[in-house]
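The values are calculated or read from the model by the stated rules, or taken from the named source; none is laboratory data. Keep in mind it's a predicted model, so treat the numbers as computed, not measured. As a convention, Cβ positions derive from the backbone with ideal geometry for all residues, glycine included, and neighbour counts pool all protein chains shown.
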Amino acid sequence: MTLPIPSFSIERVIVAPWTSQLPQFGWIVLMGFFVGTACGLVGNYLILRRMALMGDAISHSVLPGLALAFLATGSRGSGAMFLGALAAAVVTTVAIEMVHRNSRVKQDAAIGIVFSSLFALGVVLISVFADKVDLDQDCVLNGELALIALPPPISIGSLMLGPPAVIRMGVVATLTVLLVLVFYKELLVSAFDSILASSLGIRSGVVHYGLMGWLSIVVVSAFESVGAILVVAMLILPGATASLVSRRLPRVMGLTVLHAAISAVLGMHLGVWLDCSLAGAIVVAGAGLFVMAWLFNPYSGLLTVRWRHAEAAELREPTGEP
Amino acid sequence: MTSTQPSGDPVPLEIHDLTVAYQKKPVLWGVDLAVPAGKLVGIVGPNGAGKSTLIKAAMGLLPVSSGWVKAFGRPVSEELTRVGYVPQRETVDWDFPVNVMDVVIMGRYGRLGLFRRPKSADREIARSCLDKVKMLAFADRQIANLSGGQQQRVFLARALAQESDLYFMDEPFAGVDAATEAAIIELLHELRSRGKTILVVHHDLPTARNYFDMLLLLNMRVVAFGPTSEVFTYELLQRTYGGRLTILSEVAEAVRQKGYK
């Protein structure tokens, strides 16, 4: 009996992606890193604000936006699709806030109500106008990372930059880093205590909508090319892993970027080895890192704590009775 | 109506006809108040009397149905740098990835404004504020590893770092150890001696009588506001707390012991 797992060949899995296939896999790893960095940094603030589900919500509720943009323009060009998705994301954020503020529905329930309704609306729109909408729901949810390097690269003059999706995501990731640096105090204090933030003259409402707006931009620009699975996972995994390993925000942010980089590289190798979805493999690698941090982190790691107890017990033993 | 002090300066806090409602249900009704400078004011009243709501509304943090709030003669939203705030301890997540110094530095954010980072002068101020609440040794401590009293002192240090003239404190004495209680009292007296005005939401009636210069008895409306010696009477407290017997017996006890002046 043969297992369906392809054999592991160092040449094919480890060497080739960095040598003969670098033109393809270099861009894939870079794209994974950019998505992980942008999503992870924004995701840190979602985790701190206990709004981790917002990413899920936005990535589902853009569907009607995509459908309407397509119906309005009749094209699948990324410009119109991007705007449609962004508009849907903004509607989602505002609607969640309205439901939660003007009724007794709590915020997490409001998130559940709004995004599932909008997603359903998208499904209805697509099936009603099925003959006019050439949108593959599968593709919306699972965009294909492996195809990222296929479109003709963007170039400025004679300088060839790279595939458009990767360049775009690189810009988004860079801007995310800049925004986090520039608005560090505002983001920190409004996540820690929004009332205090307001008493300091920091408009926490503006910070909230600003963060949600940027989240929408990050999510929409990422998942068109890499799919919702990678985006939703990378909003939470890097930040959750980093916050187990460090207890100070600047270091958590640095470790978030490190997690994004390691997941992208390990995931790419895993995907090549198993010949499977690269986005899925990157998430699995990222989840593996999370489990490692969970078991071994220096503060509360399951095994670290156990070893420490064992060591302490050993130290006590020789002294025997008092 | 303009309340002014003898010197002609506008009072630190003036509230006129303030009404606040949640979901159309009023929680504060027609509050009128003028707090003179350099006073330590206790806000007391039963649960649900609107004590925390009053201080949040006084800082302009809640939508109000009617009325206005002025700090130092100007709309409070324009004078926020002169207003310091100590929230209730339970309102924040103490597992947040920051240390004690990070929290105290937040007190400087209001003065820094957009795009500016805390400088070494801000750190110096934060350190001296931590020193005043005897928490300097804990500056690098992760906030999750603090006791309740230590958490409260960190919040006080942050309020001090705001270098404000008018302070609002929401139950700073709740659940703290004796050492912290003494430290808070000392700090309040020091602030008062520097001419600051401090409004403190307080839960415990017997101690309220000893801690504060003035008391605001609140139960949705202002029942009474004045010097503690005039306001801390059985009749007024009974009107504030309604028919809640357990509290009333406590009050009776407190009034009976009233031989302090």
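Observations on the model:
- Residues of region B:54-68 that are without any contact (Cβ under 8 Å) to a residue 60 or more places away in the chain, within 13 Å of chain A (Cβ to nearest Cβ) and either of a type in the set (Lys, Arg) or not in a loop (DSSP other than H, G, I, E, B) (or both): B:LYS56, B:ALA57.
- Matching residues in region A:261-297 - criterion: being under 18 Å from A:PHE33 (Cα atoms) and out of contact with any Leu (no Cβ under 9 Å at 6 or more places or on another chain): A:ALA261, A:VAL265, A:HIS269
- Considering the conditions (1) out of contact with any helix residue (DSSP H, G or I) (no Cβ under 6 Å at 6 or more places or on another chain); (2) under 16 Å from B:GLY107 (Cα atoms); (3) assigned to a helix (DSSP H, G or I), B:ALA137 is excluded by exactly one of them, (2).
- Considering residues of region B:93-102 that are at the interface with chain A (Cβ under 8 Å from one of its Cβ atoms) and buried (at least 18 other Cβ atoms within 10 Å of the Cβ) only, the residue farthest from the chain's Cα centre (by Cα): B:PRO97
- Every residue from region A:173-182 that is within 10 Å of chain B (Cβ to nearest Cβ) and β-branched (Val, Ile, Thr): A:VAL182
- Segments classed as helices (runs of 4 or more DSSP H), wholly inside region A:183-300, with at least 3 members that are more than 10 Å from chain B (Cβ to nearest Cβ), within 30 Å of B:PHE168 (Cα to Cα) and not charged (D, E, K, R): A:204-226
- Residue within region B:72-83 that is assigned to a loop (DSSP other than H, G, I, E, B), within 12 Å of another protein chain (Cβ to nearest Cβ) and farther than 30 Å from A:ARG247 by Cβ present: yes
- Scan of region B:22-51 for residues that are buried (at least 20 other Cβ atoms within 10 Å of the Cβ) and either within 14 Å of chain A (Cβ to nearest Cβ) or over 12 Å from B:LEU218 (Cβ atoms) (or both), ordered by number: B:VAL35, B:LEU40
- Every condition in (1) in contact with a Gly (Cβ under 6 Å, 6 or more places away or on another chain); (2) more than 16 Å from A:SER199 (Cβ to Cβ); (3) facing chain A (nearest Cβ under 10 Å) is met by B:GLN162 except one, and the failing one is (2).
- Among the conditions (1) farther than 15 Å from A:VAL226 by Cβ; (2) touching a residue at least 12 places away in the same chain (Cβ under 8 Å); (3) of a type outside the set (Val, Ile, Thr), the only one that A:GLU11 does not satisfy is (2).
- Considering residues of region B:133-175 that are under 30 Å from B:ALA34 (Cα atoms) and without any contact (Cβ under 8 Å) to a residue 40 or more places away in the chain only, the residue surrounded by the fewest Cβ atoms within 10 Å (Cβ to Cβ): B:PHE173
- Within region A:10-115, helices (runs of 4 or more DSSP H) holding 3 or more residues that are closer than 21 Å to A:SER190 by Cβ and not charged (D, E, K, R): A:22-48, A:53-61, A:78-101
- So A:HIS269, is it closer than 30 Å to B:ASN99 by Cα and either over 14 Å from the mean Cα position of the chain (by Cα) or buried (at least 21 other Cβ atoms within 10 Å of the Cβ) (or both): no
- Unique match (being closer than 25 Å to A:HIS259 by Cβ and surrounded by 20 or more Cβ atoms within 10 Å (Cβ to Cβ)) among A:GLY43, A:GLY26: A:GLY43
- Filtered by the rule that a residue be surrounded by 21 or more Cβ atoms within 10 Å (Cβ to Cβ) and either modelled with pLDDT of 85 or more or under 13 Å from the mean Cα position of the chain (by Cα) (or both), region A:68-79 gives a lone residue, A:ALA69.
- Residue list for region B:103-142, restricted to those being within 14 Å of chain A (Cβ to nearest Cβ) and under 22 Å from the mean Cα position of the chain (by Cα): B:VAL103, B:VAL104, B:ILE105, B:MET106, B:GLY107, B:ARG108, B:TYR109, B:GLY110, B:ARG111, B:ALA126
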